[in-house]
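J.: Okay, handing you the structure first.
The values are calculated or read from the model by the stated rules, or taken from the named source; none is laboratory data. Computed from a prediction, not measured in an experiment: that's the story for all the values here. Glycine gets a Cβ as well: all are built from the backbone with ideal geometry, and neighbour counts include every protein chain shown. Protein only, heavy atoms only, side chains kept; ligands, DNA and RNA dropped before computing areas. Shrake-Rupley method; radii C 1.70, N 1.55, O 1.52, S 1.80 Å.
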Amino acid sequence: MIGPWNCTLHRRAARLALGCLVTVIWVSLTAPVHADNGDYPLGTGDRLRIAVHGQPELTSEVQVRPPGVISLSFLGPLSVVGLTPGELELAIAERLGRKTGPGGCCVSVEVTQFRPFFVVGDVRSSGSYPWVPGMTVLHALAIAGGMGTSTEGWNVSARAEIARARERLRVLLDGLGVSLARRARLEAERDDLRQISFPDELADTLDSERLEITQSGERSLLEERRRVLNTEINSLVDGKKVFEEEINAHLAQIEAERKKAALLAEELKELSGIHGRLVPKTLLLNLQRQSVQTEADIRELQSFIARARQQMVQIDQAVLKLRNIRRIDVIAGLKQVEDDIESGRNGIEETRRFLAATGSMEAALAAQPRRIDDEFVTLVRMTPRGPQELVATEFTRVMPGDLVRVPLQARLDGSIAIVNEEEARLTPVAPSPRIKGRAP
């Protein structure tokens, strides 16, 4: 039997220990990860760096999207859930070999960011946290601020956390809808279409009013961007037409000058055949001077035409540059919006998982249950057969994507319920009865 004084001492000692442990563990866990993840099973939310030896253009960093797939520019979509990095390396190398032929290629896969784990229940700060190798239940509880002090206090914080999660889900869905509409508009602009084909998924992410506003805004933006680009191009094309008209005028003038030069040449020929004083020398010189001037005028007109044609080539290049700049802008926008959509989907999935895990706790809060002294921490882990509930000790390993569930009712001494090592093995736990025990 634990007396009130001993309870207070235990509670204060536990709070102090957890408070000190938070700082130490948080610093160590937020350091760069250099652990071997060769046997780590990949899942939704993991970020991977994939490199192909000798082909740096194929190196890319991708995130595993629901339902556990990655998209590689050189291979397309690939299911990776449950695979280890080593198994994924072999799968990518095999598919590359089919395209490039025999000879083999060396592929490396590195997990640059693990999917988060979750802590819910009677803790000071429930939510999702980044995972690193070596994580245990004790680490997870320390990062979450330690166990709560009272059922009443947790009721308030838990309800607030659930409300925040619902609001976060609403914001994420709205952001996903906006990103999907923007992608549809960019695809229409890329393909030079006048109408936008919006996906049906928009109706699942935006309410009717928001959907109408978003679609109208994207249509207006598509039309405005098209108008601005066409205005710039038409301005250049109009300048090209001016040069074409001037070239035609100068070609006609050259033709007239050549006829004039031909007449002068014929006149000089006739006069040159007359001897004596019948033809003044000054007349011959004047005709020769006119002939030379005519040839000079023709060359000047030809030089202007050459310059005008050069200007027309530059105009064509400017038009092409405008189109290329717009195309690059659209492609970059599509890449960014794809990243936004992927990030939004991952955030929505994590938030929905969190809300699903806290659903039973919210029902318990509404029923205002009495404090129960002997409960211990459990893990909820996703397996190929579905979610699995596991009994845990302070030193049980936490894996990415795990949900650490702390009982709603805090223990009198603030400590974690402990079972012995044999009972703490990660095996399925029957719903009842639970095995209870403490560490010595």
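J.: Among residues belonging to segment 346-361 that are out of contact with any helix residue (DSSP H, G or I) (no Cβ under 6 Å at 6 or more places or on another chain) and over 18 Å from Arg115 (Cβ atoms), point out the one that is modelled with the highest pLDDT.
T.: The qualifying residue modelled with the highest pLDDT is Gly359.
J.: Look at segment 377-403 and say how many of its residues are outside any loop (DSSP other than H, G, I, E, B) and of a type outside the set (Lys, Arg).
T.: First, pick out the residues of segment 377-403 that are outside any loop (DSSP other than H, G, I, E, B): 378-383, 386-391, 397, 403.
Then keep just the ones that are of a type outside the set (Lys, Arg); that gives 378-380, 382-383, 386-391, 403.
Total satisfying the criteria: 12.
J.: Anything in segment 170-193 that is in contact with a Leu (Cβ under 8 Å, 6 or more places away or on another chain) and open to solvent by 80 Å² or more (accessible area, probe 1.4 Å)? List them, or say none.
T.: Within segment 170-193, Arg190 is the sole residue that qualifies.
J.: Residue under question is Leu90, and the condition is that it be open to solvent by 80 Å² or more (accessible area, probe 1.4 Å), of a type in the set (A, V, I, L, M) and at pLDDT 80 or above; does it hold? Don't jump to the end; show me each part of the working.
T.: On the way: open to solvent by 80 Å² or more (accessible area, probe 1.4 Å): yes; of a type in the set (A, V, I, L, M): yes; at pLDDT 80 or above: yes.
Yes: the conditions hold for Leu90.
J.: Would you call Ile92 over 30 Å from Val391 (Cβ atoms) and under 19 Å from the mean Cα position of the chain (by Cα)? Spell out the reasoning first.
T.: Details: over 30 Å from Val391 (Cβ atoms): yes; under 19 Å from the mean Cα position of the chain (by Cα): no.
Criteria not met by Ile92.
J.: Next question. Got at least one residue in segment 213-220 being open to solvent by 80 Å² or more (accessible area, probe 1.4 Å) and not small (Gly, Ala, Ser)?
T.: Quick first cut of segment 213-220, residues open to solvent by 80 Å² or more (accessible area, probe 1.4 Å) only: 213, 219.
With the extra rule that they be not small (Gly, Ala, Ser), the set shrinks to 213, 219.
Yes, segment 213-220 contains a residue that is open to solvent by 80 Å² or more (accessible area, probe 1.4 Å) and not small (Gly, Ala, Ser).
J.: Of the numbered conditions (1) in contact with a helix residue (DSSP H, G or I) (Cβ under 9 Å, 6 or more places away or on another chain); (2) on the phi > 0 side of the Ramachandran plot, Pro66 satisfies every one except a single condition; which is it?
T.: Against the list (1) in contact with a helix residue (DSSP H, G or I) (Cβ under 9 Å, 6 or more places away or on another chain); (2) on the phi > 0 side of the Ramachandran plot, Pro66 comes up short only on (2).
J.: For Ser343, all conditions in the list (1) surrounded by 14 or more Cβ atoms within 10 Å (Cβ to Cβ); (2) at pLDDT below 90 hold save one; what is the number of the exception?
T.: Only one criterion is unmet by Ser343, namely (2).
J.: Still on this structure, I have one more. Considering each residue of segment 117-131, count those that are assigned to a loop (DSSP other than H, G, I, E, B) and either without any contact (Cβ under 8 Å) to a residue 24 or more places away in the chain or surrounded by fewer than 21 Cβ atoms within 10 Å (Cβ to Cβ) (or both), and give that number.
T.: Here is the first cut: in segment 117-131, the residues assigned to a loop (DSSP other than H, G, I, E, B) are 122, 124-126, 130-131.
Applying the additional criterion that residues be either without any contact (Cβ under 8 Å) to a residue 24 or more places away in the chain or surrounded by fewer than 21 Cβ atoms within 10 Å (Cβ to Cβ) (or both) yields 124-125, 130.
Summing the residues that are assigned to a loop (DSSP other than H, G, I, E, B) and either without any contact (Cβ under 8 Å) to a residue 24 or more places away in the chain or surrounded by fewer than 21 Cβ atoms within 10 Å (Cβ to Cβ) (or both) in segment 117-131 gives 3.
J.: From the list Val178, Val242, which residue is under 30 Å from Gln310 (Cα atoms) and not acidic (Asp, Glu)? Give the derivation first.
T.: Numbers: Val178 fails: under 30 Å from Gln310 (Cα atoms).
Step by step, each of Val178, Val242 is checked, and only Val242 is under 30 Å from Gln310 (Cα atoms) and not acidic (Asp, Glu).
J.: Considering only segment 304-316, I want to know if a residue exists there that is within 30 Å of Ala188 (Cα to Cα), open to solvent by less than 50 Å² (accessible area, probe 1.4 Å) and assigned to a helix (DSSP H, G or I). Break it down into steps so the answer makes sense when it comes.
T.: The initial filter retains those residues of segment 304-316 that are within 30 Å of Ala188 (Cα to Cα), namely 313-316.
With open to solvent by less than 50 Å² (accessible area, probe 1.4 Å) added as a condition, the list becomes 315.
Next, from what is left, pick out any that are assigned to a helix (DSSP H, G or I): 315.
Yes: segment 304-316 contains one or more residues that are within 30 Å of Ala188 (Cα to Cα), open to solvent by less than 50 Å² (accessible area, probe 1.4 Å) and assigned to a helix (DSSP H, G or I).
J.: Quick check on my filter: what residues within segment 245-259 are exposed (fewer than 13 other Cβ atoms within 10 Å of the Cβ) and of a type in the set (Asp, Glu)?
T.: Glu245, Glu255
J.: I need the full set of residues from segment 315-334 which are within 21 Å of the chain's Cα centre (by Cα), in contact (Cβ under 8 Å) with a residue 24 or more places away in the chain and farther than 14 Å from Leu229 by Cα, in order please. So that I can check it myself, show each step before the final result.
T.: So the first thing to find is which residues in segment 315-334 are within 21 Å of the chain's Cα centre (by Cα), and the list is 326-334.
Then keep just the ones that are in contact (Cβ under 8 Å) with a residue 24 or more places away in the chain; that gives 326-327, 330-331, 333-334.
Ile331, Gly333, Leu334 - these are the residues of segment 315-334 that are within 21 Å of the chain's Cα centre (by Cα), in contact (Cβ under 8 Å) with a residue 24 or more places away in the chain and farther than 14 Å from Leu229 by Cα.
J.: What residue, among those in segment 62-116 that are part of a strand (DSSP E or B) and of a type in the set (Gly, Ala, Ser), is farthest from Ser126 (Cα to Cα)? Write out each step before concluding.
T.: If we filter segment 62-116 for residues that are part of a strand (DSSP E or B), which is where we start, we get 62-63, 65, 69-72, 76-79, 107-113.
Filter once more, so that each one left must be of a type in the set (Gly, Ala, Ser): 71, 76, 79, 108.
Numbers: Ser71: 32, Gly76: 37, Ser79: 31, Ser108: 36 Å.
The residue in question is Gly76.
J.: Tally the residues that are open to solvent by 50 Å² or more (accessible area, probe 1.4 Å), modelled with pLDDT under 85 and β-branched (Val, Ile, Thr), restricting the search to segment 263-303.
T.: Residues flagged as open to solvent by 50 Å² or more (accessible area, probe 1.4 Å), modelled with pLDDT under 85 and β-branched (Val, Ile, Thr) within segment 263-303 amount to 2.
J.: Filter segment 95-122 down to the residues that are more than 24 Å from the chain's Cα centre (by Cα), more than 17 Å from His53 (Cα to Cα) and modelled with pLDDT of 80 or more and list them by number.
T.: Residues satisfying the conditions are Val119, Val120, Gly121.
J.: Between residues in segment 224-243 that are over 14 Å from Val319 (Cβ atoms) and residues that are surrounded by fewer than 15 Cβ atoms within 10 Å (Cβ to Cβ), which pairs lie under 8 Å by C-beta distance while being six or more apart or on different chains?
T.: Arg226/Arg194
J.: Here is a follow-up. Quick one: in segment 70-86, of everything that is open to solvent by less than 30 Å² (accessible area, probe 1.4 Å) and hydrophobic (A, V, I, L, M, F, W, C), which residue is modelled with the highest pLDDT?
T.: The extreme case among them is Ile70.
J.: Across segment 50-61, what is the total count of residues that are surrounded by 13 or more Cβ atoms within 10 Å (Cβ to Cβ), among the small types (Gly, Ala, Ser) and either more than 18 Å from the chain's Cα centre (by Cα) or not in a strand (DSSP E or B) (or both)?
T.: 1
J.: So for segment 330-338 (the condition being farther than 30 Å from Arg65 by Cβ and of a type outside the set (Ser, Thr, Tyr)), does at least one residue qualify?
T.: The first filter runs over segment 330-338 and keeps only residues farther than 30 Å from Arg65 by Cβ, leaving none.
No, that holds for no residue.
J.: Give the residues of segment 64-84 that are within 22 Å of the chain's Cα centre (by Cα) and either closer than 20 Å to Thr383 by Cα or of a type in the set (D, E, K, R) (or both), sorted by residue number.
T.: Step one: list which residues in segment 64-84 are within 22 Å of the chain's Cα centre (by Cα), which gives 64-81.
Correct list: Val64, Arg65, Pro66, Pro67, Gly68, Val69, Ile70, Leu78, Ser79, Val80, Val81.
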